[in-house]
Every structure is written in C-alpha cells, then in structure tokens.
Amino acid sequence: MKTQRKNVALTLRKQGFSVVPANLDAKMPALRSWKQYQDNPPTEQQITNWFRDERALGVITGRVSGNTEIIDFDADPERPIVFQQWRENVEAEAPGLFEKLYIESTQNEGFHVSYRCPDIKIPGNLKLAQRKFQEDGKDQIKALIETRGEGGFCIVSPSKGYKTRQGSLADLPEITKGEREVLINAARLLNEYVEPSKLVNGPREAKPKREGVSPGDDFNERGDWDELLAKHKWTRVKRNGQYDYWRRPGKDRGHSASIIEGNIFYVFSSNAYPFESFTGYSKFAVYTLLEHGGDYSAAAKELAQQGYGDKPTPQQSTPPEEHPAWANNQTSRPPQKNQLFSLDQIADCFKQDIKWAWREHIPADMSTMFSGREGDGKTTNCIQIVKEMLEENPSDYVVWIASEGFVQDTISKMLQLKLDGSRILFLKNDNDTFSFNFNLGYDRQQLDQQLSQYKAEGKKILAVFIDSIRGITPFDDNDSRIKNVMLSLNAIVCDKHRAALIYIDHHKKGDARSALDKVVGTTAKAAAVRCVYAVTPVSGMVRKIELAKTNILDHQPAPLKSVFSINYGLIIYETEKADQTLRDDAQKWLIYLFGKRSEYRSSEIYELGEKHGYGIETLKKAKLDLGIDSKQEAVGKPWLWVCHRFLDK
C-alpha cells in the first residue's frame, strides 16, 4: 500500500498535479504549510519523502494542477439521491458527457467528479447546492454540492475509503467551457437555499403594515407559477421530486432556473433577462419584473384589481393629546442625525452635464418622444434626424425598430432621403419579423442582447428609434401600463447601453391649444421621457417641431421647421412667425424652382415671385430659411441665387 500510494503520487506529479499528503480526519494537507504548493507543485523527491509511510493522498486544484476542478457531493441521509439526480440532469442536457468524467466515491459515501477545463480560469471553491435545516432550534446551512477550484484541496483515491468508480485520475479528461457549464448548472438545479442577500421579495414597507394581507403576499400564496412563466415563454422542463425545472425563452434544451419549495424562483442562467444569475425571486417579484418592468406599486395595484389582497379596514386616528408619546412628552422615534444640508453642500452632486445626440433637442443617454397625428410627418422628420446624426457621427450606428410593421414605407423614405444604409440597423425578433411586445420580458431581453452583440462587434449605437409606441405593447393608448414598459426600455437603452432612445407616438387631440395637450391622451407616456416634441403641419410640405415638455434644467431649444420635397429633406430653425403661411408657400415654390435648375438671377426670382404673389422680403426670408446661397461673379454682374440640393435626380 505504501509503495502503491507513493507510485500513484509520483504518477500524478508527472501528469501535472500538485500532490501533497493528507490528513483523513481533518480533510486537510498533512503539512504545516502548503500555500507554496498552490503556486508550484512539489518535487519528486519531496513526494518520495512524504509517502514513506501510509498517508492519504490529496491534490491541490486549480491552475497549479492543469486547471483541475473537482465537484464534491456530500453524503446527506435527507437527500440520498442528489448525485443520481445530478447525473440525470447532466445526461438530459448533454448526452455522453457523464461517461467522460473521472468519478470516485469518498469515505463518507459521497462522490468526487473530476475534470480539467483549459478554456477558462478556474474560479475558487463554489457552493452549488445547499439546504437549510434545524438543529437545536437554530437554522443550519449544509452544503450538498460544492467545487474545489483555484487554491482548493481534495483527498483522492487510493486514500483509505476512496475508490475509483469511473475513469482514471492519472488520465483526467479535458472538457470545454460549455460542458463545464452543463455540469455546474446541473448542480445548481438542486439548490434548496438562497442567501437572504440574493433573495428578491419586493420593496419593504416604509410605513407600518395595514391590516389584512397585501396583494403581493396574497399572490405569493395563491398565484400560479405555470400561468405566469408560460405567458412569458418560459418552458417547464420537468418535475423531479421537490424540484421544478424551467428553461428560459430562446433556449431549446437544458435548464435555466428551478422553483425551490414551490415559492422561490432560483435563476442561475446569466442570459435570463430581466433576472440576475444566482438569485432567488418571490412569485410577486417575478410577476413585477415580467408584467410591470420592476414597478412594484403598479404590480400591487393591478393584483388588487384582480382580487388579490384584503381591503384595509378604516383606521381611526388617535387624538394627539391621547397618544402615549404625547402624554409622556416623548418623541415617537429616537433623535436622528442631522439630515439638513445647505444648497452649497449638495449642489455639485446634482449638476447636470447634458450631452446631445442631435443639436440641442435630443439628449444623449436619455429618452425623447415625437408626438403628432397620423400623417403629420413624425417618421419622416425622425428619418431626417437620423441622417443628420450619422453625418455628424461618421463611425456610429442607429437602430430602428419598425414596431408597427410599415417597414417598406420606412425604407422607401430612407432611400429617398439618401441615408447611409450601412449604418442603420433594423431590429428583428427570433421569428424573423419586425413585431415586438416589449411588455414581455423575453422581447426586452432580445433587445438587450442585440445591443450587447452590436457592442461586442465594435458598433457604437448612438440612438434607438421606436416607430411607434402603440406597436410595442398590446395596451390601449390610455393604459398607464405603457409607461412601465417605456421605463423598462429606458433602463435598457439609456442607462445600460448609453444610447439615446427616441419614441414616435400618435396623439388624438389634434385641435388642442397647447402643444403639451397634443401629446397622447394620457400624460403617462410623456412622464416616461425627458423631452416631448409636438409635430404639426403648417402647409403641404412644411412641418413645425416645437417643444411640448422637458425635464432638463434651462432647456429651451429653438422651434424648428422642416421642409421636404420628393428627394430632399431639411430641418431648419424657425426665425420668426410673422407671415408664416405666406413664407411657407414661398419656400414650397422655391423648392419647385430649384428642382429644375440650380441657378437663377435674383431679378428673375423676384419677377417670377411677384406673379405668384410673393414680395421681395418674403422671398428673401424663405431663401434664408432654405439655406439658398447668393453669389456675384464680379462687381457689376447680376446677383445669382444658387442651390443644388433640390435638383431632381
């Protein structure tokens, strides 16, 4: 036996393992210090000296042993089939993988599963599955499955009580990063305990709890996991004893989450937006994230309307003089640290450093909305804005979400206005269509993942345009839930990916006096964005763009006016409002003229204009608005008006 262990130890050393003697009882290296062997394996002479007597044999895991990792299954009388359940999970996800692994049984009837994974940096020891139990009236946490990773240690066969069951440690298999994830996730599926810091229940109540059961608590008790998750395209894989396994949307095999004891949704997938990996969620928290974009107040209100929770009983107030705190001349709360600060102390914390994605009208990293009636030119104006954005930022990209499906019309307008098509990205869903329901967490996840993919490809996204709001949810225009969807999209596009988000929307109050009144019937949509612009027609080819609402301090952008011909668009600053209709008609007439020729003598323009009822001053103002140039070839020569932009191609 002595010779066998020494020979095994030397063989393992030659195969790239850092081998040390072990104490079976303590399950630790039988050395005063073993830190140095976490970085460099011992010499063959050291190994020969150590194993002159009958010692247990152990290996140090991680980089020093060729990226070795060991999954340790502890024997637990309360969970006797954990290893078998893990094996079933692995075989369901990756048939044939289990047979590649080195497996040994331990002295306490547990198991070790060993492999090397050269594709990654092996992390430190991880607790993959735990359970909570009571001992002497106190909660105890027991590890069911954990890893021995970087800097870890594990006793191995042929130590006393350890027996090889499959494969050879001296010929340890190498697996891929993806195969390792299968093994790790198959173990996480068996987790029964979530640390309080990784458990999302919902916001704590700031005020004393009212009588009765809250809608959230009631939903935790009576809500249906199957109905909630299936609605958002999660798929139940199977039930296995006390475990309930689910697969995230967009994945066609394997597992992404489990339901623990029927009330905690434990997610371990890193691609299960809007959920965080290795985090547990109550049923109410899952409902809030999937249905209301994380707005717990809106979720509770909706659940109450569905009949969850008890209606609070009226509370009778206690007269101040009868209140115990009043009677005892005491305050109802202990003295607090001073929370008053001067303006000078906090001013720097709230300074706004606004960057602009387009002129001083569309802020970068924020959301903006263009509102108007159908046919008022919102999409056309936004396409012209895209053109200017790309011209000002020649290396950036713009994403366009044609949520209402009028893709051909949008593309035609973009081609007519001569946009750089190589830098305009149209977003499709996984069904190869352009429709999205961003009320669903799955569709929001697709947007998030696509923006992340663009970033990974080196594409800087300057802005995302959504045409239009009514195409991205199933809700009516006046439904307040639209705001929650918009806030969720703001968080993805603006907060996470640092791009401007521009919504196009249709309002229904076309004859209202104020520009803000022209914004969609309810103020909910306007409340979800930083700036709102109303787009209104002035004449057949001219539109006015005016600010209806802004949440940006000292933001007073100049009104704009847009003019479009068949193949040209122009957005200009509105210089004055007098004689506006006449000037608009004059602009339309000038665009027609310069669509035929690029140069006219000024006297010819004035003569022709007079026949159409346009005075010289009106024509000069229209010329200035359109950016038409003047030139004189030499002193004494006639003045020319020159413009090439409106020529019919």
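The values are calculated or read from the model by the stated rules, or taken from the named source; none is laboratory data. Please read these numbers as outputs of a predicted model, since none were measured by experiment. Every residue, glycine among them, receives a Cβ derived from its backbone with ideal geometry; neighbour counts consider all protein chains shown. With ligands, DNA and RNA removed, areas are computed over all heavy atoms of the protein, side chains included. Shrake-Rupley method; radii C 1.70, N 1.55, O 1.52, S 1.80 Å.
Quick notes on this structure:
- Condition met for Lys160 (open to solvent by 70 Å² or more (accessible area, probe 1.4 Å) and closer than 27 Å to Ala56 by Cα): yes
- Residues within the range 368-383 that are out of contact with any Pro (no Cβ under 9 Å at 6 or more places or on another chain) and either free of Cβ contacts under 8 Å to residues at least 12 places away in the same chain or closer than 25 Å to Thr433 by Cα (or both), tallied: 9
- Residues of the range 2-37 satisfying the condition of being more than 17 Å from Ser157 (Cα to Cα) and surrounded by fewer than 19 Cβ atoms within 10 Å (Cβ to Cβ): Leu31, Arg32, Ser33, Trp34, Lys35, Gln36
- Index of the failed condition, Ser367 passing every other in (1) crowded, with 20+ Cβ neighbours inside 10 Å; (2) modelled with pLDDT under 90; (3) of a type outside the set (Phe, Trp, Tyr): (2)
- Residue within the range 55-70 that is open to solvent by 10 Å² or more (accessible area, probe 1.4 Å), in contact with an Asp or Glu (Cβ under 8 Å, 6 or more places away or on another chain), over 30 Å from Gly254 (Cα atoms) and not hydroxyl-bearing (Ser, Thr, Tyr) present: yes
- For the range 456-478, the set of residues classified as in a strand (DSSP E or B) and under 18 Å from Glu374 (Cβ atoms) consists of Phe465, Ile466, Asp467, listed by residue number.
- Single residue of the range 196-254 satisfying the filter (of a type in the set (A, V, I, L, M) and over 27 Å from Arg131 (Cβ atoms)) that is modelled with the highest pLDDT: Ala230
- Positions within the range 391-409 being modelled with pLDDT under 90 and either open to solvent by 90 Å² or more (accessible area, probe 1.4 Å) or not in a loop (DSSP other than H, G, I, E, B) (or both), in sequence order: Glu391, Glu392, Pro394, Phe406, Val407, Gln408, Asp409
- Among the conditions (1) closer than 24 Å to Ala491 by Cβ; (2) assigned to a loop (DSSP other than H, G, I, E, B); (3) free of Cβ contacts under 8 Å to residues at least 24 places away in the same chain; (4) among the acidic types (Asp, Glu), Asp432 misses just one, which is (1).
- Screening the candidates Glu88, Glu150 for the property of being at negative phi, in contact with a strand residue (DSSP E or B) (Cβ under 8 Å, 6 or more places away or on another chain) and surrounded by fewer than 18 Cβ atoms within 10 Å (Cβ to Cβ) yields one hit, Glu88.
- Meets criteria (touching a helix residue (DSSP H, G or I) at 6+ places or on another chain (Cβ under 9 Å), among the aliphatic types (A, V, I, L, M) and under 29 Å from Gly254 (Cβ atoms)) for Val182: yes
- Against the list (1) in a loop (DSSP other than H, G, I, E, B); (2) open to solvent by 60 Å² or more (accessible area, probe 1.4 Å), the condition Ile120 fails is (2).
- Positions within the range 1-48 being out of contact with any helix residue (DSSP H, G or I) (no Cβ under 8 Å at 6 or more places or on another chain), touching a residue at least 40 places away in the same chain (Cβ under 8 Å) and in a loop (DSSP other than H, G, I, E, B), in sequence order: Met1, Leu24, Lys27, Trp34
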